[in-house]
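Asker: Before anything else, here's the structure in question.
Each reported figure results from applying straightforward, stated rules to the coordinates on display, with no laboratory input. Keep in mind it's a predicted model, so treat the numbers as computed, not measured. Every residue, glycine as well, gets a Cβ built from its backbone with ideal geometry; the counts of neighbours run over all protein chains shown.
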Amino acid sequence: MKISKIVLVGLLIAIIVGTAIYYSLGKENAQTSQVSLIGKPIPSTLYNQLVQLSNQGYNITVTVTDFRILPENFSDNGKPAVIYVGAEWCPFCGAERWALIIALLRFGNFSNLSYMLSSSTDVYPNTPTFTFAFSNYTSKYIAFIPIEYQNREGQPLNKVPTPVYNVWKEYANFSIPFIIVAYYYQTGTTIDPGLLSGHNWTYVINELHNPNSAIYKEIYAQANMITEMICQVDGNQPITVCSHFEQMGQIYSPLTM
């Protein structure tokens, strides 16, 4: 039985169109699945992966830091305070949280971390990340004060305490993310959110196991800078963490104001 060229062309077009629709629907379904996780606590399996990630990445060395020195020292209950000001909609905050979480897990433990995607309408849309809005953090070395001042829709969320608000205004002009480590501070992030945007959490986790990936290099570079700043203000404790920097000669020198 012969099949005309017209029929063959029609079949080919149908296959192409059908394939395009299949992948389009698959991508849409994947995005819908990710959105459905927003605000939900991460499972213990994912948390354990983050803990595992915090125990590696020390091989990334950086000799220049964006941290500068504040004229005042922030603490809480006698411990050096690590303070984060950001927003759930912010893709730059979203990228920074990965590094901050990795660094903080070297000194303590989180509970109630939740899934978050940055805004779908901003630059670097749907950057996979987490939210600190309702999280808790415990450590015998430091205190962590997370402030998500706006949610994913840009509405007010956590209140910024007046002392933090004042330095955020003076030294960062309200730019986010804004991080304080006792008397050090950093505005913005060194991580490119474009590396994460449009992907899911599993993708980022996998990339953080690949020393050759840009995500690995950028996130661990930032995580190690934060870690070193914490080591400088908490008496280099725990030694199992802080000794990594001395062994590699990786001692950052914060810039003056």
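Asker: Report the gain in length on full extension from Asn212 to Asp192: 0.36 nm times residue separation, minus Cα-Cα distance, nm rounded to one decimal.
Answerer: Details: separation 20, 0.36 × 20 = 7.20 nm, distance 1.58 nm.
Separation in residues times 0.36 nm, less the Cα-Cα distance, equals 5.6 nm.
Asker: Would you calculate the convex hull of the Cα atoms in region 28-180 and tell me its volume per residue in Å³?
Answerer: Looking at region 28-180, the number lands at 136 Å³ per residue.
Asker: Also, I was wondering about something else. Can you order the peptides 196-204, 210-218, 99-107 by their average number of other Cβ atoms within 10 Å per residue, highest first?
Answerer: The densest-packed peptide leads the list: 99-107, 196-204, 210-218.
Asker: Now, a different point. Could the peptides 221-227, 43-49, 174-180 be put in order, highest first, of the mean number of other beta-carbon atoms found within 10 Å of their residues?
Answerer: Ranking, from highest mean packing down: 221-227, 174-180, 43-49.
Asker: Quick one: work out Rg over Rh on the C-alpha atoms of region 100-226, Rh as Kirkwood radius.
Answerer: Numbers: Rg = 14.9 Å, Rh = 15.8 Å.
The Rg/Rh ratio comes out at 0.94.
Asker: Can I ask one more? Please work out how much length the chain gains when fully extended from Lys159 to Asn109, using 0.36 nm per residue of separation minus the C-alpha to C-alpha distance, in nm with one decimal.
Answerer: 15.7 nm
Asker: Here is a follow-up. Need the full-extension length gain, Glu72 to Lys169, defined as separation in residues times 0.36 nm minus the C-alpha distance. One decimal, nm.
Answerer: That pair, Glu72 and Lys169, stretches by 33.5 nm at full extension.
Asker: Classify region 27-115 as rounded, prolate or oblate from the Cα gyration tensor: take a ≥ b ≥ c as the square roots of its eigenvalues, call it rounded if a/c is under 1.5, otherwise prolate when a/b beats b/c and oblate if not.
Answerer: The shape class here is prolate.
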